[in-house]
1. Looking only at region 124-149, count how many residues are of a type in the set (Asp, Glu) and in a loop (DSSP other than H, G, I, E, B).
2. Can you tell me how many residues within region 73-123 are farther than 19 Å from SER23 by Cα, open to solvent by less than 20 Å² (accessible area, probe 1.4 Å), out of contact with any helix residue (DSSP H, G or I) (no Cβ under 8 Å at 6 or more places or on another chain) and not in a loop (DSSP other than H, G, I, E, B)?
3. Do we have LEU72 as without any contact (Cβ under 8 Å) to a residue 12 or more places away in the chain and touching a Ser or Thr at 6+ places or on another chain (Cβ under 9 Å) here?
4. I need the full set of residues from region 52-74 which are hydrophobic (A, V, I, L, M, F, W, C) and either touching a His at 6+ places or on another chain (Cβ under 8 Å) or more than 18 Å from VAL36 (Cα to Cα) (or both), in order please.
5. Inspect all residues belonging to region 108-125 and state whether any of them is more than 15 Å from the chain's Cα centre (by Cα) and in contact (Cβ under 8 Å) with a residue 40 or more places away in the chain.
6. Do you know which residues across region 13-34 are in contact with a helix residue (DSSP H, G or I) (Cβ under 8 Å, 6 or more places away or on another chain) and touching a residue at least 40 places away in the same chain (Cβ under 8 Å)?
7. Going through region 43-71 one residue at a time, which ones are part of a helix (DSSP H, G or I) and either crowded, with 16+ Cβ neighbours inside 10 Å or within 13 Å of the chain's Cα centre (by Cα) (or both)?
Amino acid sequence: MSLFLSSYENRLDTKGRVSVPASFRASVSGEKFAGVVLFRSFTHNCIEGMTMSRMEQMATATDKMGVFDSELDDLTAMLFADARELSFDVTGRIVIPADMLTHAGITDRAVFVGRGNSFQIWNPDAFRAAQEKSLNNLRAARPNLKLAD
């Protein structure tokens, strides 16, 4: 299983290319597809990213929904119709499509945020604000994570 950990801020060059963190590229090195899959987040103003095998797991999960379920229509439109397969260039960069950059408010800098089995790409200032909000929410809720034996 690929794990995406930590946060890394990188600059976009004049052609819109951004370097994917080396540890993220290493996480996909054993995958069939040597790149990442991105789609616009429907929960935050950011971009969701994952491996192709994780995307295949999402497809399997949607197969368990009702064929004519209206939520399935919305979900598959965001997960699959919006998804882009992006291969790394020889230096480990990708070109994030303009509509995704606009959605996330990313102009010249992007922060790659590990989320375990997936990652997100944020505008750095927006991420700092969201991270602070999450920290405050967790302090108030004090969740208890139970680990399997």
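The values are calculated or read from the model by the stated rules, or taken from the named source; none is laboratory data. Treat the numbers as computed from the prediction; the structure is a model and nothing was measured. Positions of Cβ are generated from backbone atoms using ideal geometry, with glycine treated the same way; all protein chains shown enter the neighbour counts. Note: areas computed on protein heavy atoms with side chains; ligands, DNA, RNA excluded. Shrake-Rupley method; radii C 1.70, N 1.55, O 1.52, S 1.80 Å.
1. Of the residues in region 124-149, 1 are of a type in the set (Asp, Glu) and in a loop (DSSP other than H, G, I, E, B).
2. The total comes to 1.
3. The answer is yes for LEU72.
4. Selection gives ALA61, MET65, VAL67, PHE68, LEU72.
5. From region 108-125, those more than 15 Å from the chain's Cα centre (by Cα) are 108-109, 125; that's our starting set.
Cutting the leftovers down to in contact (Cβ under 8 Å) with a residue 40 or more places away in the chain gives us 108-109.
Yes, the conditions are met somewhere in region 108-125.
6. Scanning region 13-34 gives GLY16, PHE33.
7. If the condition is that a residue be part of a helix (DSSP H, G or I) and either crowded, with 16+ Cβ neighbours inside 10 Å or within 13 Å of the chain's Cα centre (by Cα) (or both), then MET52, SER53, ARG54, MET55, MET58 are the ones that fit.
So that you can scan it fast, the table gives a plain yes or no per residue for (1) of a type in the set (S, T, N, Q); (2) in contact with a Lys or Arg (Cβ under 8 Å, 6 or more places away or on another chain); (3) closer than 18 Å to GLU9 by Cβ:
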{"residue": "ALA59", "(1), (2), (3)": "no, no, no"}
{"residue": "ARG93", "(1), (2), (3)": "no, yes, yes"}
{"residue": "ASN117", "(1), (2), (3)": "yes, yes, no"}
{"residue": "TRP122", "(1), (2), (3)": "no, no, yes"}
{"residue": "PHE127", "(1), (2), (3)": "no, no, yes"}
{"residue": "ALA130", "(1), (2), (3)": "no, no, yes"}
{"residue": "SER134", "(1), (2), (3)": "yes, no, yes"}
